[in-house]
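The values are calculated or read from the model by the stated rules, or taken from the named source; none is laboratory data. Everything numeric in this text was worked out from a predicted model, so none of it was measured. Ideal geometry is used to build each Cβ from the backbone, glycine not excepted, and the neighbour counts take in all protein chains shown.
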Amino acid sequence: MKKSLLTFVVASSAVVFATQVNAAGRDSISIVGSSTVYPFATVVAEQFGKGGKFKTPKVESTGTGGGMKLFCGGVGVDFPDIANASRRMKKSEFEACQKAGVKDIVEVKIGFDGIVLAHSKKAKGLELTRKEIFLALAKMVPDPTCKKDCGNKLVANPYKTWNQVNPKLPKTKIEVLGPPPTSGTRDAFAELALEGGCQSFDWIKGLKEKNEPEFKSVCQTVREDGAYVEAGENDNLIVQKLDANPNALGIFGFSFLDQNTDKVAAERVDGVDVSFETIADGKYPISRPLYFYVKKAHVGMIPGLDAFVTEFTSEKAAGGEGYLADKGLIPLPDDERKAVAESAKQLKSLSM
């Protein structure tokens, strides 16, 4: 009996010791993900670190898709605690998390952002519709040579200059610098801008009911012939390239535009200017919610993780007059913001 008790005590002590050693392997929060959410998370991390109780979290800009892959890699100090996202977690990502043992995930919606097409202030801007954006950047488009009774024919995008899309637009080369497929901004742009313009063609819109995968493929696939240039996850690089090539356009979040108004300006879309107000009231057509995701198994294992979530969702950070609004985040409506903060405080797990 004594031997059994001794074995139990030794085993229990070993587990506690192993847990302590494991936790000691990392004493600060690890955050990965969206380049759009990155500046907001960085500001919160800095404010959090200034409190003195916990170390300043490490924030990395990996893109939404790349961040989800790292986040869903597993549980333990070798894996990130939080994934920032400029779109909602996909079901496939949620399932990948589950398979890797990341069972309890807390979803936190932090606010809104608009996706802009920007030009250098050295150039004259365009005024575009989502239909024109789709025709300029989609891989396959309705055949422009077909005038009557051609059926539902798609061809590889033939448009080389903006005036070929619409004679009212300038005769300049279509060259748009944007994020790669791993980016949530790219996903949201494809869904909101390209698909929004795609649906202006009734026969393609009707395809959504008949064959949604084909509809998504037609409406959201970006051309790969050089008109769309993948510029990585570095929005600063896009601004530099726009400065060097004033005829090009760049795609990034409103919050980044807001911090670079001395260098770039945004195109109007469907007759609407992008602004804090037009995103907040839903008038600007290319806007999306922003999120971060928390690995619940790491709460209690990584010092200060729950406190960081509380800081991020606090009124002083995410409120209408919060310090994140000063950085360009469009806050959630008051009631929704309070509900999100309460849900985050309780660490409610996401289900899909």
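Comparison of Val32, Val21, Val44 shows that the only residue that is closer than 22 Å to Leu347 by Cα, out of contact with any Pro (no Cβ under 7 Å at 6 or more places or on another chain) and either at pLDDT below 90 or not aromatic (Phe, Trp, Tyr) (or both) is Val44.
For Leu332, indicate whether it is under 22 Å from Asp81 (Cα atoms) and either assigned by TED's automatic domain parsing to the domain that holds Cys97 or modelled with pLDDT under 95 (or both).
no
Looking across region 169-217 at every residue that is more than 19 Å from the chain's Cα centre (by Cα) and small (Gly, Ala, Ser), the one that is farthest from Val239 (Cα to Cα) is identified as Gly206.
Of everything in region 126-159 that is part of a loop (DSSP other than H, G, I, E, B) and surrounded by 16 or more Cβ atoms within 10 Å (Cβ to Cβ), the residue that is modelled with the lowest pLDDT is Leu126.
Among residues belonging to region 91-120 that are basic (Lys, Arg) and over 12 Å from the mean Cα position of the chain (by Cα), point out the one that is farthest from Thr36 (Cα to Cα). Going through the qualifying residues, I end up with Lys99.
The residue list Gly253, Gly282, Gly320 contains one member that is closer than 25 Å to Met89 by Cβ, touching an Asp or Glu at 6+ places or on another chain (Cβ under 8 Å) and small (Gly, Ala, Ser), which is Gly253. Tallying residues that are surrounded by 12 or more Cβ atoms within 10 Å (Cβ to Cβ), part of a loop (DSSP other than H, G, I, E, B) and not acidic (Asp, Glu) within region 171-189 yields 6.
One residue stands out in region 275-304 among those that are on the phi > 0 side of the Ramachandran plot and assigned by TED's automatic domain parsing to the domain that holds Asp81: the one that is modelled with the highest pLDDT, namely Gly304.
Go through Val264, Val299, Val274 for me and flag whichever is more than 30 Å from Ala123 (Cα to Cα) and either touching a strand residue (DSSP E or B) at 6+ places or on another chain (Cβ under 9 Å) or basic (Lys, Arg) (or both).
From the options Val264, Val299, Val274, the qualifying one is Val299.
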